[in-house]
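Asker: The structure that follows is given in the form of structure tokens.
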Amino acid sequence: MADVAKIVEEYINSRPAVRQCIKEGLIDFPNLSKNIAKEKSLDEKDVLVAVSQLYSIKPKKENERIRTILKESKIETKSKIATLIAKNDWRILLKVEHVLDRMLQVITALSSITLVMDEAWLEETKGLLGNAVIDSERGLSEIMIRSPREIESTPGVVSFFYSALASKGINIVETLSCYTDTIFLVKDEDLFPAYKVLNDLLIGTWLK
């Protein structure tokens, strides 16, 4: 049993999203134990005992709101996305004012502005901005999570998205939040792994 407990502890410690769910009292121990037992070829009952002994935490009632929001959220994806980073200057926006309807997102910072667009418009937009362009990148995909309005007043939801992606080593190129939408830009090759881990989170693979 000591060896089982060590394997379980190492498994959970290597997965920040799972560890965070346990900390918040959101995890379903029987389902978690089943997954660990299957992946590590262990006896499911032994794993359940180890999990219960190591992480016996009572669920928090307030986290029912988080569970509900996750289950009611939907995922949308787009591929062949590009970003263009330019100097943040009002004259820059004037140069692209007539093509702003092509932009999927416009993100402003203190010293720069990031334009998110279909790859097809990248070269033309770079030509409009000229020397104001700081950097650009192709080969990106967008993952948009549409959540119910309650996400605005419920702390901790977005942190689960970040933890879930980090647990699989998926780098987030850009992120933003607008009303009930949480948007992540990832490399094209990370789209399917990112979609899977986020979808697992929403459908409750690790949650009650």
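The values are calculated or read from the model by the stated rules, or taken from the named source; none is laboratory data. Because the structure is predicted, anything quoted here is derived from the model rather than measured. Cβ: placed from backbone, ideal geometry, glycine included. Neighbour counts: every protein chain shown.
Asker: Please work out which one of (1) under 30 Å from R15 (Cα atoms); (2) assigned to a helix (DSSP H, G or I); (3) touching a strand residue (DSSP E or B) at 6+ places or on another chain (Cβ under 7 Å) is the condition I183 fails and give its number.
Answerer: (2)
Asker: Can I92 be described as out of contact with any helix residue (DSSP H, G or I) (no Cβ under 9 Å at 6 or more places or on another chain) and in the same structural domain as E72 (by TED's automatic domain parsing)?
Answerer: No.
Asker: Same structure again: Please pick out the residue among S41, S52, S111 that is modelled with pLDDT under 85 and farther than 17 Å from G204 by Cβ.
Answerer: Residue meeting the stated conditions: S52.
Asker: Next up: Could you tell me whether region 153-165 includes any residue that is assigned to a loop (DSSP other than H, G, I, E, B) and either touching a strand residue (DSSP E or B) at 6+ places or on another chain (Cβ under 6 Å) or buried (at least 16 other Cβ atoms within 10 Å of the Cβ) (or both)?
Answerer: Taking every residue of region 153-165 in turn, at least one turns out to be assigned to a loop (DSSP other than H, G, I, E, B) and either touching a strand residue (DSSP E or B) at 6+ places or on another chain (Cβ under 6 Å) or buried (at least 16 other Cβ atoms within 10 Å of the Cβ) (or both).
Asker: Further question: Residues to consider are L122, L201; find the one that is touching a residue at least 40 places away in the same chain (Cβ under 8 Å) and either under 24 Å from I27 (Cβ atoms) or part of a strand (DSSP E or B) (or both).
Answerer: Every option except L201 fails the conditions.
Asker: Now for a different question. Which of the numbered conditions does E64 fail, given that it passes all the others? Conditions: (1) closer than 30 Å to I203 by Cβ; (2) in contact (Cβ under 8 Å) with a residue 24 or more places away in the chain; (3) under 26 Å from the mean Cα position of the chain (by Cα); (4) surrounded by fewer than 14 Cβ atoms within 10 Å (Cβ to Cβ).
Answerer: Among (1) closer than 30 Å to I203 by Cβ; (2) in contact (Cβ under 8 Å) with a residue 24 or more places away in the chain; (3) under 26 Å from the mean Cα position of the chain (by Cα); (4) surrounded by fewer than 14 Cβ atoms within 10 Å (Cβ to Cβ), the lone unmet condition for E64 is (2).
Asker: Kindly indicate the residue of region 79-115 that is under 27 Å from D190 (Cβ atoms) and surrounded by fewer than 13 Cβ atoms within 10 Å (Cβ to Cβ) and also nearest to the chain's Cα centre (by Cα) among those meeting that condition.
Answerer: S79
Asker: While we're looking at this one, here's another question. Is it true that some residue in region 51-61 is touching a Ser or Thr at 6+ places or on another chain (Cβ under 7 Å) and over 16 Å from L176 (Cα atoms)?
Answerer: Yes; the residues of region 51-61 include at least one that is touching a Ser or Thr at 6+ places or on another chain (Cβ under 7 Å) and over 16 Å from L176 (Cα atoms).
For every residue, the table says whether it meets (1) under 9 Å from the mean Cα position of the chain (by Cα); (2) more than 27 Å from S153 (Cα to Cα).
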{"position": "L165", "(1), (2)": "yes, no"}
{"position": "I172", "(1), (2)": "yes, no"}
{"position": "L176", "(1), (2)": "no, no"}
{"position": "I183", "(1), (2)": "yes, no"}
{"position": "D188", "(1), (2)": "no, yes"}
{"position": "K196", "(1), (2)": "no, no"}
{"position": "D200", "(1), (2)": "no, no"}
{"position": "G204", "(1), (2)": "no, no"}
